[in-house]
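Quick notes on the structure that follows.
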Amino acid sequence: MPQAHDLLSRRPEWRALAEHQASMQQVHMRDLFHQDPDRFRRFFAEAAGISLDYSKNLVTTDTMARLMALARACQLPDRIEAMFRGEHINASEDRPALHVALRNMGSEPITVAGEDIMPEVRGTLARMEEFVWRVRSTQWRGFTNKPFTDVVSIGIGGSFLGPKLVSASLKPYWHGRLNCHYVANIDGSHITEVLRHINPETTLFLIQSKSFKTQETLENTKVAREWFLHNGGNEELISKHFVAVTANTREAIDFGITEENIFPMWDWVGGRYSLWSAIGLPTALTIGMENFRALLSGAHAMDQHFRTAPLEDNLPVILALLGIWYGNFWQADAHAILPYDHYLRGLPAHLQQLDMESNGKCVTQAGEPVDYQTGPIIWGGAGANGQHAYHQLLHQGTKLSPADFIIPLHTHNPVANHHAILFANCLSQTQALMQGKTEAEARAELEAQGLPPEEVARLAPHKVIPGNKPSNTLLFERGTPRTVGALIALYEHKTFAQGVIWDVDSFDQWGVELGKQLGKDILDRLLSRDALPGANDSSTDGLIELFRSRHHNGS
Ligand SMILES: O=P(O)(O)OC[C@H]1O[C@](O)(CO)[C@@H](O)[C@@H]1O
């Protein structure tokens, strides 16, 4: 483990990058492409069905060498091995981070506290397979003996975003009869809108919560249970319609879930890394267990690549280091995820939790305050839609936000020339971001339109596009379970690699606890008929009183 005094920004490799950045300030990517006709091939890597063109970055081979030197100085290869070996790399919670075990296809054991965990992982996969088969084959039916038509997954954060992303990404593989709905928010509109459209006789509820203590999930489960009991169900029938996935079996049983309907999770899997576990049940029910296993095998292929490829050819490491280059040396606070694929439209939201809950940290593993930037603001949306929404800022704004463009070479739904047009949009955006438009080019265009000189002079500055805006282009043949698995695993490992270099704990999330703690007292005060004494600031007190004045008569 690096010592506290090895603060990242004190390392010679860090200083070498800072000096290099100073020398790069006048460099434009246009020139880098003109100087090196082979640039595309030189900055191209592929693994596990994913291809990465990182040539449209403000980097040279010297830049990449210096970034790789920083990664080695931070012992990245050793830390990768430590993760796969189950070392307690989640130092603050003294736990391993073994989401890779969930998709481990190898024969080697993976031990936690001296126990090989693979038998239990594989046993749970087998239980999932049997459950999924019984539901999809209609052997498991509702209380009026009808096959299930709807699955409602109740969970939030990693118990929601991951399975929802995978379900949506693999919509072409969905079972004909089974519809999947997700309920996460404590906003009653979320569950109301779902319950409005389903039949209690043919609905299966999955309660997804690693802790089984998350307020939103427990409150929504109570509503779902009451709805079921008031629409034909009864206590004895709960076991036919409610299944839980949790690491807290006791709480789930106390809540009324029958033990044989509880699938385990483990504390060595973080919520945002858990879609590969039984938390993936909604996905497995809709796409089938064969496709779910293909998802796992795609992720495993990326795991093997991450664990064995030289850093220079390692896709997660390349993406991680490029993010550090811009975040720590070019003051980029954000990073855009732009899937040019309707089915992958949920990817930015999942990666927001994956990245921002992992690396949104301000102390090192040793508890030292950092004096450098850590995790970026992750944002984004589906292309080509974003071009008509926020790409203006990417092209002419003052904020630097590197972007990942993600696109399949083949669509599931060939319609007219749509895929070629989508692909052309993706490439034209990355080209425009890279090359921009000079004032001379802007002037020439305006003159070619026959505008008078004073109009040319007036408009030209508004038409200049600086360019030199970095982007990565990630390609894959088609959005199959394997490529979706590999793609998500790629970003998991990118996130981990950045956390190693920033020396933060990417697997805890203490920052979310304070809001939960404060919320308890505020809720008591909101619900109290009598005004309870103010707890702290006048804003919170004033807002509580505003709410109470609308909800308690005579108060
Ligand atoms: O699965 P659980 O325990 O309900 O937690 C849901 C989510 O809440 C968090 O713990 C944050 O509060 C996430 O890390 C997690 O994915």
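State whether one or more residues within the range 107-115 are within 28 Å of the chain's Cα centre (by Cα), assigned to a loop (DSSP other than H, G, I, E, B) and within 16 Å of the ligand (Cβ to nearest atom).
No, the range 107-115 contains no residue that is within 28 Å of the chain's Cα centre (by Cα), assigned to a loop (DSSP other than H, G, I, E, B) and within 16 Å of the ligand (Cβ to nearest atom).
Looking at Thr246, Thr203, which one is among the polar types (S, T, N, Q) and within 16 Å of the ligand (Cβ to nearest atom)? Break it down stepwise before answering.
Working: Thr203 fails: within 16 Å of the ligand (Cβ to nearest atom).
Criteria check complete, one pass: Thr246.
Hand me the list of strands (runs of 3 or more DSSP E) wholly inside the range 321-423 holding 1 or more residues that are within 16 Å of the ligand (Cβ to nearest atom).
Details: elements: 334-339, 377-380, 403-408.
By residue number, 377-380.
Mind checking which pairs have a first residue in the range 203-221 that is closer than 27 Å to Arg177 by Cβ and a second that is assigned to a loop (DSSP other than H, G, I, E, B) and more than 11 Å from the ligand (Cβ to nearest atom), Cβ under 6 Å, 6 or more apart or different chains?
Close Cβ pairs satisfying both conditions: Leu204/Phe148.
Any residue in the range 276-290 that is without any contact (Cβ under 8 Å) to a residue 12 or more places away in the chain and in the same structural domain as Gln139 (by TED's automatic domain parsing) sitting within a Cβ distance under 6 Å of a residue that is among the basic types (Lys, Arg) and assigned to a helix (DSSP H, G or I)? List the pairs, counting only those 6 or more apart or interchain.
Qualifying pairs under 6 Å: none.
Scan the range 308-317 and tell me whether some residue there is touching an Asp or Glu at 6+ places or on another chain (Cβ under 6 Å) and not small (Gly, Ala, Ser).
No: zero hits.
Provide a single number: the residues in the range 491-522 that are among the hydrophobic types (A, V, I, L, M, F, W, C), more than 16 Å from the ligand (Cβ to nearest atom) and over 23 Å from the mean Cα position of the chain (by Cα).
Start the filter on the range 491-522 by keeping residues that are among the hydrophobic types (A, V, I, L, M, F, W, C), which leaves 496-497, 500-502, 504, 507, 510, 512, 514, 518, 522.
Filter once more, keeping what is more than 16 Å from the ligand (Cβ to nearest atom): 497, 500-502, 522.
Those left that are additionally over 23 Å from the mean Cα position of the chain (by Cα): 522.
Summing the residues that are among the hydrophobic types (A, V, I, L, M, F, W, C), more than 16 Å from the ligand (Cβ to nearest atom) and over 23 Å from the mean Cα position of the chain (by Cα) in the range 491-522 gives 1.
Which pairs have Cβ atoms under 8 Å, sit 6 or more apart or on different chains, and link a residue in the range 375-397 that is farther than 21 Å from Ser169 by Cα to one that is acidic (Asp, Glu) and modelled with pLDDT of 95 or more?
Every condition considered, the pairs that remain are Gly375/Asp355; Pro376/Asp333; Pro376/Asp355; Ile377/Asp333.
Among the listed residues Gly479, Gly534, which satisfies the condition of being free of Cβ contacts under 8 Å to residues at least 24 places away in the same chain, over 28 Å from Leu67 (Cβ atoms) and of a type outside the set (Val, Ile, Thr)? So that I can check it myself, show each step before the final result.
Values: Gly479 fails: free of Cβ contacts under 8 Å to residues at least 24 places away in the same chain.
Among Gly479, Gly534, only Gly534 is free of Cβ contacts under 8 Å to residues at least 24 places away in the same chain, over 28 Å from Leu67 (Cβ atoms) and of a type outside the set (Val, Ile, Thr).
Could you tell me whether Gly380 is under 28 Å from the mean Cα position of the chain (by Cα) and either of a type in the set (Gly, Ala, Ser) or at pLDDT below 95 (or both)? Give the steps one after another, and end with the answer.
Working: under 28 Å from the mean Cα position of the chain (by Cα): yes; either of a type in the set (Gly, Ala, Ser) or at pLDDT below 95 (or both): yes.
Criteria met by Gly380.
Tell me, please, whether a residue that is surrounded by fewer than 20 Cβ atoms within 10 Å (Cβ to Cβ), farther than 23 Å from Ile110 by Cβ and modelled with pLDDT of 95 or more can be found in the range 264-282.
Scanning the range 264-282 turns up no residue that is surrounded by fewer than 20 Cβ atoms within 10 Å (Cβ to Cβ), farther than 23 Å from Ile110 by Cβ and modelled with pLDDT of 95 or more.
Is it fair to say Phe212 is within 13 Å of the ligand (Cβ to nearest atom), over 19 Å from Thr286 (Cβ atoms) and in the same structural domain as Gly155 (by TED's automatic domain parsing)? First the steps, then the outcome.
Values: within 13 Å of the ligand (Cβ to nearest atom): yes; over 19 Å from Thr286 (Cβ atoms): yes; in the same structural domain as Gly155 (by TED's automatic domain parsing): yes.
It is true that Phe212 is within 13 Å of the ligand (Cβ to nearest atom), over 19 Å from Thr286 (Cβ atoms) and in the same structural domain as Gly155 (by TED's automatic domain parsing).
Condition check: within 12 Å of the ligand (Cβ to nearest atom) and among the hydrophobic types (A, V, I, L, M, F, W, C). Does Ala224 satisfy that?
No; evaluated as a whole, the condition is false for this residue.
For a quick check of your reading of the model, give me the residue pairs whose first member lies in the range 318-344 and is without any contact (Cβ under 8 Å) to a residue 60 or more places away in the chain, whose second is in a loop (DSSP other than H, G, I, E, B) and aliphatic (A, V, I, L, M), with beta-carbon atoms closer than 7 Å and at least 6 apart or on different chains.
His342/Ala382
At least 3 residues that are loosely packed, with under 14 Cβ neighbours inside 10 Å in each: list the helices (runs of 4 or more DSSP H) lying fully within the range 462-555 that qualify.
Numbers: elements: 481-502, 513-527, 538-551.
Once the helices (runs of 4 or more DSSP H) in the range 462-555 are filtered for at least 3 residues that are loosely packed, with under 14 Cβ neighbours inside 10 Å, what remains is 513-527, 538-551.
Does at least one position in the range 134-153 carry a residue that is within 16 Å of the ligand (Cβ to nearest atom), within 25 Å of Glu492 (Cα to Cα) and surrounded by fewer than 20 Cβ atoms within 10 Å (Cβ to Cβ)?
The answer is no; no qualifying residue exists.
Filter the range 154-181 down to the residues that are more than 14 Å from the chain's Cα centre (by Cα) and either within 13 Å of the ligand (Cβ to nearest atom) or not assigned by TED's automatic domain parsing to the domain that holds Val132 (or both), then identify the one that is farthest from Val269 (Cα to Cα).
Top of the filtered list is Ile154.
Exactly one of these conditions fails for Glu236: (1) in contact (Cβ under 8 Å) with a residue 40 or more places away in the chain; (2) surrounded by fewer than 18 Cβ atoms within 10 Å (Cβ to Cβ). Give me its number.
(1)
Of the conditions (1) in a helix (DSSP H, G or I); (2) within 28 Å of Pro172 (Cα to Cα), Glu454 fails just one. Which one is it?
Result: Glu454 passes all but (2).
State whether one or more residues within the range 189-199 are within 16 Å of the ligand (Cβ to nearest atom), of a type in the set (Val, Ile, Thr) and under 20 Å from Glu260 (Cα atoms).
Taking the range 189-199 first, the residues within 16 Å of the ligand (Cβ to nearest atom) are 190-191.
Narrowing further to those that are of a type in the set (Val, Ile, Thr): 191.
Next, from what is left, pick out any that are under 20 Å from Glu260 (Cα atoms): none.
The answer is no; no qualifying residue exists.
The values are calculated or read from the model by the stated rules, or taken from the named source; none is laboratory data. Since this is a predicted model, take the numbers as computed values, not measurements. Using ideal geometry, Cβ is built from the backbone for each residue, glycine included, and neighbour counts are taken over all protein chains shown.
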